[in-house]
1. Quick check on my filter: what residues within region 27-77 are touching a helix residue (DSSP H, G or I) at 6+ places or on another chain (Cβ under 9 Å), among the hydrophobic types (A, V, I, L, M, F, W, C) and in a loop (DSSP other than H, G, I, E, B)?
2. How about region 21-43: which of its residues are within 13 Å of the chain's Cα centre (by Cα), small (G, A, S) and within 15 Å of S11 (Cβ to Cβ)?
3. Take R80 and decide whether it is outside any strand (DSSP E or B) and either modelled with pLDDT of 95 or more or over 16 Å from the mean Cα position of the chain (by Cα) (or both).
4. Checking the conditions here, which among A32, A26 is modelled with pLDDT under 95 and surrounded by 16 or more Cβ atoms within 10 Å (Cβ to Cβ)?
5. Within region 13-33, can you find the residues that are under 14 Å from V76 (Cβ atoms) and touching a Gly at 6+ places or on another chain (Cβ under 8 Å)?
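The values are calculated or read from the model by the stated rules, or taken from the named source; none is laboratory data. On a predicted model such as this, the values are computed, not experimentally measured, just so you know. Cβ atoms come from the backbone with ideal geometry, glycine included; neighbour counts cover every protein chain shown.
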Amino acid sequence: MGKKLFVGNLSFNTTSEDLESLFSEAGTCESASVITDRATGRSRGFGFVEMGSASEAEKAIAELNGRELQGRKLNVSEARGRPRHHIRRRHRRRRRIHRRHHHRRCARGPRSR
């Protein structure tokens, strides 16, 4: 089991500091972060916590999964890695857009000043 945990069903008012103080009850909390929306800056309702060891992570899951924080029952589980195909798809789309704009520019011929 890994040391990184996924924490879901967070209140939009929950901060990284709230998560860190809660998970430090179960062991050494190395880092805690609430994920926010880039456009609005508002919490997306989930976060990640990294514990000091795998045994502390297991203890945190056992103790804190289903526990209430700010009126919401937490969903705590081991974090899974991000699928690699999402990254490739994004770069493929960028290349396609870049190619399209490049060809349009070349089709116009030399720029006149």
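1. Selection gives L74 alone.
2. A32, S43
3. Judged against the criteria, R80 is not a match.
4. A26
5. T14, L19, G27, C29, A32
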